[in-house]
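Worksheet for the structure shown next.
The values are calculated or read from the model by the stated rules, or taken from the named source; none is laboratory data. This structure is a prediction, so every number in the text was calculated from the model and none was measured. Heads up, the Cβs are rebuilt from the backbone with ideal geometry, glycines too, and the neighbour counts pull from every protein chain shown. Calculation scope for accessible area: heavy atoms of the full protein, side chains included, ligands and nucleic acids excluded. Shrake-Rupley method; radii C 1.70, N 1.55, O 1.52, S 1.80 Å.
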Amino acid sequence: SELIDTLYPAIKRRKTKKRRPNFKLADKELNIRPKKYGMKRKLLFLEYRNEDPSTALGQTRFYELLNEHINVSKIEMKQEYYPGEYLGIDYAGMTVFKLHTVKETHYVFVACLSYSKKMFAYVTKDMTADSWIEGLTAAVNYFGRTALVILFDNAKAMVRKPGVVAELSDKAIDFANYHDCLCDTSRVATPRDNCNTEKSVQFIENRILVNMRRMRFFSREEMNTYLLSEVEKLNNEVMQGYDETRNQRFVREYDSMLEIPKVPYQPIV
């Protein structure tokens, strides 16, 4: 301030008696996880104003100062992926239905390559370990190759004991050994470790599964045929911020991925 006053004496600094926001409290509340347990910006402003309305800033100015502080002080974990490095897998929270004698609930397995963002989806009858392996085998055969690391969350069907070095199930270890890759898990209660897959699940739910729940299917093969055709349409759409499609990026990623055995993997039952 002294330097600016010396260099630019004509500038008259506006002096105000208005209180500044409580940035320390805002940092604490806005970083609470899960977010629903922390105070929102509106509640922070109401508490700030109730302390002394006469010296409080207006709501717009309060939000401006708070956003400026967050942009400068917030630390983000930026994740960078190399071609062929990660294949993330997960199950969608939204289910689909098949008509037989009664309406049967089926589950949607989703896989996403972290570099190209190319997606794959597959309908399974449940979320047991066999279904995880069935979906993962279908994904590897769809891509034609596999990534160095297959990353999934701490699903009970695939992980015996979660932790920094998780204890995986025998079926997960067998699949990794067969394809000469590594199976790994996210940290416990940290979905942002597998953010590309989480975003792909949300994308597929909003664009495809919402409509599938209104449609009538009579076999799982019929469901998978429709689902894969719709996912392929999304893979051919230009991505925001990249100016190219997922399939175009996948062409560059393909050579960096691991070759898969000619005989598809079959789990021991």
Problem - Modelled FRET efficiency - R0 22 Å, His69 with Glu244, Cβ distances, 0.05 increments - result: 0.05
Completion exercise
By accessible area (1.4 Å), largest first, Cys195, Cys181 order as Cys195, Cys181
Handout entry: Only Lys, Arg (+1) and Asp, Glu (-1) charged, at Cβ; the stretch 129-215 dipole about Cα centre in debye
Key = 400 debye
Handout entry: Principal-axis tilt of helix 170-179 within the chain, Cα atoms, nearest 10 degrees
Key = 80 degrees
Problem - Label selected from (i) 1.25; (ii) 1.13; (iii) 0.98, the criterion being Rg/Rh (Cα atoms, Kirkwood Rh) as computed here - result: (ii)
Practice task
Rank these residues by their accessible area, most exposed first, probe 1.4 Å: Met119, Met94.
Solution key: Met94, Met119
Exercise for the section: For helix 59-73, report the angle its Cα long axis makes with the longest principal axis of the Cα atoms of the chain; keep it between 0 and 90° and round to the nearest 10°. Expected result: 60 degrees
Exercise for the section: Go through the stretch 195-260 and name the GluC sites (Glu not before Pro) that are in a DSSP coil and have 13 or fewer other Cβ atoms within 10 Å of their Cβ. Expected result: Glu237, Glu244
Exercise for the section: Could you do me a favour and compute the accessible area per residue for the stretch 69-199, 1.4 Å probe, result in Å²? Expected result: 49 Å²
Handout entry: Length gained when the stretch Tyr142-Arg252 is fully extended (0.36 nm per residue, less Cα-Cα span)
Key = 38.0 nm
Fill in the blank from the handout: For the chain, longest principal axis from Cα atoms; helix 41-51 axis from its Cα atoms; angle between them, nearest 10 degrees, is 30 degrees
Fill in the blank from the handout: Of every hundred units of 1.4 Å-probe accessible area on the stretch 1-120, the number belonging to carbon and sulfur atoms, as a percent, is 54 percent
Problem - Linear extension gain, Ser219 paired with Arg192, 0.36 nm per residue minus alpha-carbon span - result: 6.3 nm
